[in-house]
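To keep things clear, I will list the structure first and then write my remarks on it.
The values are calculated or read from the model by the stated rules, or taken from the named source; none is laboratory data. It should be emphasised that the depicted structure is a prediction, and the values quoted were computed from it without experimental measurement. All Cβ positions, even for glycine, are placed from backbone atoms using ideal geometry, and neighbour counts span all protein chains on display.
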Amino acid sequence: MLATLIPLFDDNMLVCAYSVFARKENHFLNPNYEGGARFDGAGTVHELEVVSSMGVATLSGGKEVFVPVNQFSIFAEISLQCTVPANKVVLLMDNTVVPNEQYVKRVRELKEQGYKLAIRKLPISEFEHYRDILSKCDYILLNHTKIDINKARIYFNKVYPSMKLCAVNVDTQEQYNSLKEDGGYDLYEGGFFRMPVKESQTEVSPLKVNYIELLNVVNAPDFDLQSAADVIGKDPALVISLLEMVNRMALNSEITSIRHAAAMLGQKELKRWINTAVTKELCADKPSEITRLVMIRAKFAENLAGCFEMSMMAQELFIMGLFSALDIMLEKPMEEALSMVQVSSHVKDALLENKGDFAKVLNFIKHYEDADWTEVSRQLVLDEIDMDKVYEAYLSALKWYRDLIPQK
């Protein structure tokens, strides 16, 4: 099994829902799945397996999850496969679900069972033909490059006033800003929120300079605990977070100072905590999804170390994942951002030059995040990686993030 989450944003860059995409088999190892065999087991919604096994709290922080269904799986016993509340699940249909009596009846049944409904890949010319199905939909996903949103909004406001419109394939921040200004869409999906920074946007704030200083202290070879403690002491939020964590670990010990707390934690654990805590603070003025992206990416990279025969470098892979959006955190091009922090040549080569073994892991993760299962499967075959181990590594990263940053 392979599975990933793709966020849907609102006008304030807040994530409102996630689409879940999964693949059960490696099609490179089973070429028949590209032909008629792709319909084998079509009555099972694999994405629902993921949702049910993880729960919406861990998977999406309690937000709605969009689950794709096709012309076959829409007739599956969805209520038996799904163990989470129906109102948290949006069944995402495509144009293989046609508006004949059989499908319209099934759509009505699912709506009556409490599921929300969405549809995608529907040409403008088919809107009227699909009226019976669209009338039951809560969302429609539209390719913003192929539609006049001003005309579409008038149409949907008149015919389906409660339906939310979602723009897909929003690839750049400029596209997002333009669409948001037009005011036609309710949600946006695409890679715009994580695009690399090409030019310096602003000077790094004094607070972030302090965080960078702390990162450099703990990522130096054999760093000094007292020096790290002194830098932590400059930021009240970090001090409180450190003391809370150490007190949980040492219930019967009285912590007398920040240096004492740092010593209690130890060099290895202090380094891990600082890297994650500081990264979270560096992302504080960015969309919350950036924090989630880099944290999960870091843990996923660490978990994949064994799969790529780099177990001894797991901690460095973790750092690579954390810093993979450093340009966005600091609003500077990656080369300039990396010049401010101390990282290994492996990390720098991957993030700047897309070279080396670390780059292979990072590219694999990025394809995985995009649900590019063809490329992911190809890489699994080339490197003889067990697909189930990758899935376990991803789920483990989701659980780690859930425990690291409790959901509201």
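Data table
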| item | result |
| --- | --- |
| Condition met for Ser311 (among the hydroxyl-bearing types (Ser, Thr, Tyr) and at pLDDT 90 or above) | yes |
| Matching residues, region 111-125, being within 14 Å of Phe156 (Cβ to Cβ) and either outside the structural domain of Asn157 (by TED's automatic domain parsing) or assigned to a helix (DSSP H, G or I) (or both) | Ile124 |
| Residue count for region 80-109, restricted to those that are aliphatic (A, V, I, L, M), over 21 Å from Gly62 (Cα atoms) and either assigned to a helix (DSSP H, G or I) or touching an Asp or Glu at 6+ places or on another chain (Cβ under 9 Å) (or both) | 2 |
| Matching entry among Met295, Met320, Met310 (being more than 21 Å from Val217 (Cα to Cα), touching a Phe, Trp or Tyr at 6+ places or on another chain (Cβ under 9 Å) and either hydrophobic (A, V, I, L, M, F, W, C) or in the same structural domain as Ser241 (by TED's automatic domain parsing) (or both)) | Met310 |
| Complete set of residues in region 341-366 that are closer than 15 Å to Met310 by Cβ and in contact (Cβ under 8 Å) with a residue 40 or more places away in the chain | Asp357, Phe358, Lys360, Val361, Leu362, Phe364, Ile365 |
| Answer residue from region 123-145, given it is under 26 Å from the mean Cα position of the chain (by Cα) and not hydroxyl-bearing (Ser, Thr, Tyr) and is surrounded by the fewest Cβ atoms within 10 Å (Cβ to Cβ) among those | Asn143 |
| Check on Asp171, free of Cβ contacts under 8 Å to residues at least 60 places away in the same chain and in a loop (DSSP other than H, G, I, E, B) | yes |
| Index of the failed condition, Tyr155 passing every other in (1) part of a loop (DSSP other than H, G, I, E, B); (2) not assigned by TED's automatic domain parsing to the domain that holds Gln267 | (1) |
| Selection count where residues are over 19 Å from Arg194 (Cβ atoms) and among the acidic types (Asp, Glu), scope region 333-364 | 3 |
| Where Asp230 falls short, out of the listed (1) within 28 Å of Lys399 (Cα to Cα); (2) modelled with pLDDT of 85 or more; (3) more than 28 Å from the chain's Cα centre (by Cα); (4) among the charged types (D, E, K, R) | (1) |
| Residue list for region 180-193, restricted to those being surrounded by fewer than 19 Cβ atoms within 10 Å (Cβ to Cβ) and either assigned to a helix (DSSP H, G or I) or touching a Lys or Arg at 6+ places or on another chain (Cβ under 9 Å) (or both) | Lys180, Glu181, Asp182, Gly183, Asp186 |
| Extreme residue, farthest from the chain's Cα centre (by Cα), among residues of region 63-76 that are within 14 Å of Val20 (Cβ to Cβ) and of a type outside the set (S, T, N, Q) | Val69 |
| Positions within region 302-320 being of a type in the set (A, V, I, L, M, F, W, C) and either more than 19 Å from Asp383 (Cβ to Cβ) or in a helix (DSSP H, G or I) (or both), in sequence order | Met312, Met313, Ala314, Leu317, Phe318, Ile319, Met320 |
| Matching option when the condition is touching a His at 6+ places or on another chain (Cβ under 9 Å) and within 22 Å of Val45 (Cα to Cα), among Pro99, Pro85 | Pro99 |
| Hits in region 97-144 - residues which are within 15 Å of Val67 (Cβ to Cβ) and β-branched (Val, Ile, Thr) | Val97, Val107, Ile119 |
